[in-house]
1. Taking the range 145-174 only, how many residues are more than 15 Å from the ligand (Cβ to nearest atom), in contact with an Asp or Glu (Cβ under 9 Å, 6 or more places away or on another chain), not small (Gly, Ala, Ser) and not in a strand (DSSP E or B)?
2. Given the criteria at pLDDT 90 or above, β-branched (Val, Ile, Thr) and more than 24 Å from Ala251 (Cα to Cα), does Thr296 qualify?
3. Residues Ala78, Ala114, Ala109: which one is away from the ligand (no atom under 16 Å from the Cβ) and touching a residue at least 40 places away in the same chain (Cβ under 8 Å)?
4. Within the bounds of the range 257-271, is there any residue that is surrounded by fewer than 16 Cβ atoms within 10 Å (Cβ to Cβ) and farther than 21 Å from Asp308 by Cα?
5. Test Thr108 against the stated conditions and say whether it is in a strand (DSSP E or B) and not aliphatic (A, V, I, L, M).
6. Can you name every residue in the range 307-336 that is surrounded by 16 or more Cβ atoms within 10 Å (Cβ to Cβ) and hydroxyl-bearing (Ser, Thr, Tyr)?
7. For Asp234, only one of the following conditions fails: (1) of a type in the set (D, E, K, R); (2) touching a Leu at 6+ places or on another chain (Cβ under 9 Å); (3) modelled with pLDDT under 95. What is its number?
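The values are calculated or read from the model by the stated rules, or taken from the named source; none is laboratory data. Keep in mind the model is a prediction, meaning the values are calculated, not measured. Cβ placement follows ideal geometry from the backbone for every residue including glycine, while neighbour counts extend to all protein chains displayed.
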Amino acid sequence: MNTRPLKLAATFLIPAMAFGLDEKRIANMFDPQATPADEVVKISILTLLICGAIFAIVAGLLAYIIFKFRRRPGDDAAEPPQVYGSNQIEIAWTVIPLLIVFVLIMVTARVVSAVQNKGLPANALHATVIGHQWWWELRYPELGIVTANELHVPVSSTDGGLPTVLTLQSVDVIHSFWIAQLAGKTDVIPNRDNHMWIDPREPGIYFGNCAEYCGTQHANMLIRVIVHPKAEFDAWVANEKKPAVNDPAVAQGRATFESLSCVNCHAIRGTVAAGAFGPDLTHIMNRQVIASGALTNTPEHLRAWIHDPDQAKPGSLMPAMQLSDAEVDQIVSYLETLK
Ligand code: CUA
């Protein structure tokens, strides 16, 4: 199917809706880059066409009738004849919508079953995505890696690249995981494991967002999927598996960090910091963003974030620790070594 007109329309419409976001964070669902997303786009286009046709017919008839039967000079004020009980019309307006709904149900069921029942290779990569207010914890149980907000996966290609199977969990409320170019939305529900899979065809960065209202910072619960060529992915894995860098040059910063209650919420592998409430910071400097995408990962943003999280992300569950500028500088200099 030729999707170029839709892509063009989306190119103009989506930036208008997503004002304030930089262009690269805009995810265009009409430009799918993985099998589940291909299926979602096909069904979306069909639904859009059907709904568009219904809208055109209803709005067209309405406009025609409003014009044709408008009040004219000399009309008397009496009501026109009222028609009751036309079997033909009633059958038509019952049967036609039923047929349309039936077609949509069948097409949807076919797509849902094709995506869910797809036989995936037994050695596919597994990752667990855990929704928190308001960030994403990412675990790779087989690899012993814990990270946050940026899901790294290998590219799935015809030459043996593997898809990634995601298990979705929530520690608090219902979230929804949506990377528009890779797959449909899947709800992330407390006390329940949901599953989905992706097989991105092209290396690159794919942007997504929590898609279920989950509280104050729902809109800043961004996620990015970083798709690597296989060798690059392996290098990322090898680095993430290492414990945190211990650079003696920032011993003062590390001591400050460890003396504060930061360690009750954040883990830095190989140190006393072992909290699980906030993101794991073991390799934080390898991440592009902090605060689940609210800020890019620069020393200035780290400083501002630690000084007062509420400033960047009002309602954030990370408290302002009332630190002096010197303490914030020490902590940031320590964090900057965690590559
Ligand atoms: Cu999490 Cu909306």
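1. Counting residues in the range 145-174 that are more than 15 Å from the ligand (Cβ to nearest atom), in contact with an Asp or Glu (Cβ under 9 Å, 6 or more places away or on another chain), not small (Gly, Ala, Ser) and not in a strand (DSSP E or B) gives 3.
2. yes
3. On the way: Ala78 fails: touching a residue at least 40 places away in the same chain (Cβ under 8 Å); Ala109 fails: touching a residue at least 40 places away in the same chain (Cβ under 8 Å).
Testing whether each residue is away from the ligand (no atom under 16 Å from the Cβ) and touching a residue at least 40 places away in the same chain (Cβ under 8 Å) leaves just Ala114.
4. Looking through the range 257-271, at least one residue is surrounded by fewer than 16 Cβ atoms within 10 Å (Cβ to Cβ) and farther than 21 Å from Asp308 by Cα.
5. Considered against the rule, which asks whether it is in a strand (DSSP E or B) and not aliphatic (A, V, I, L, M), Thr108 comes out as no.
6. Ser316, Ser333, Tyr334
7. Answer for Asp234: the failing condition is (2).
Residue by residue, here is whether (1) modelled with pLDDT of 85 or more; (2) on the phi < 0 side of the Ramachandran plot; (3) surrounded by 10 or more Cβ atoms within 10 Å (Cβ to Cβ); (4) in a helix (DSSP H, G or I) holds:
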| site | (1), (2), (3), (4) |
| --- | --- |
| Ile14 | no, yes, yes, yes |
| Lys24 | no, yes, no, yes |
| Ile50 | yes, yes, yes, yes |
| Arg70 | yes, yes, no, no |
